[in-house]
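Beneath this line is the structure, given in structure tokens, with notes to follow.
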Amino acid sequence: GAGPAGISAALYTARSNLNPIVINNGIGALAKAEKIENYFGLERPLSGHELIENGRTQVQRLGGTLLQDEVVGISWSGNYLISTASTQIEARAIILTTGTSRKTMKIKNLAQLEGHGVSYCAVCDAFLYRGESVAVLGNGEYALHEVQELLPIVDSVTLLTNGLEPSVDFPPEVTIIQTPVLELVGTDALEAVCLEDGTQIHPACLFMALGTAKGSDLARKLGIRLEDERIIVNEQMDTGLPGVFAAGDCIGGILQVSVAVAEGAKAALSCIKYLRS
């Protein structure tokens, strides 16, 4: 993430010679801020875009790397392996500063069936549905990544785009349905996915991958504790998973630039201490 928390964390880690790579897919909510006046040290009001660009320039001047890309997964191979839409990056530590989505998907019974036929991690759960038919909800790079994880293990994959056009090319063996999803049916387990045209499909599991991977999605893949989609951290911004820290809007609290900058600095200092120990 390249918002205030991510840029702040990169500045501190760059000055500690830790070679930070800031992976980002846009600057997020701050891009919509027309005028910022309530932040320390501003000679004149700045737009959110200007403020972030200043920070990005600082990071590059100090030797950090900015990578415009989309993170689609994180795994462990002795170090953390971050998969993006175009490459893979090995890292000794991760600071999650992915912000938060101001919109939530409203699908009836979605929350109730999480962990009972609704999954957010193909890498984690594909094996549970080996030889069965599953569905993926999404239309972009993130959904493609989940589909590619599932195909070698399950019997078949149906892609539900929720009314959107696929933005990438999916394998030909994937069935694509663009009709929006209305609701999920089931109590103790997913029984059916109901579409707005009245039809139903009956996957063994629905894998959620609509849009881009949020901080909460990545946290789920790593087994990090969440509460109401917020990543849970302690006072040192530590998630409890060795070498993984989080800061900014993705951990909740007061969604302000000044708070995100402070949390990014705190997460970076904890990360520096962790790596040096």
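The values are calculated or read from the model by the stated rules, or taken from the named source; none is laboratory data. Fair warning: this is a prediction, and the values are worked out from it, not measured in the lab. Cβ sites come from the backbone with ideal geometry, for glycine too, and all protein chains shown count toward neighbours. Keep in mind that these areas ignore ligands, DNA and RNA; they rest on the heavy atoms of the full protein, side chains included. Shrake-Rupley method; radii C 1.70, N 1.55, O 1.52, S 1.80 Å.
Here is how the numbers come out for the structure above:
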| quantity | calculated |
| --- | --- |
| Filtered residue count, the stretch 154-175, keeping only those that are touching a strand residue (DSSP E or B) at 6+ places or on another chain (Cβ under 8 Å) and surrounded by 12 or more Cβ atoms within 10 Å (Cβ to Cβ) | 13 |
| Among (1) surrounded by fewer than 18 Cβ atoms within 10 Å (Cβ to Cβ); (2) touching a strand residue (DSSP E or B) at 6+ places or on another chain (Cβ under 7 Å) - the single one residue 118 does not satisfy | (1) |
| Every residue from the stretch 23-42 that is assigned to a strand (DSSP E or B) and either closer than 27 Å to residue 87 by Cα or open to solvent by 70 Å² or more (accessible area, probe 1.4 Å) (or both) | 23, 24 |
| Residue, most open to solvent (accessible area, probe 1.4 Å), within the stretch 238-277, restricted to residues that are aliphatic (A, V, I, L, M) and without any contact (Cβ under 8 Å) to a residue 60 or more places away in the chain | 254 |
| Test: residue in the stretch 125-135 that is within 26 Å of residue 164 (Cβ to Cβ), in contact with a Ser or Thr (Cβ under 8 Å, 6 or more places away or on another chain) and open to solvent by 10 Å² or more (accessible area, probe 1.4 Å) | yes |
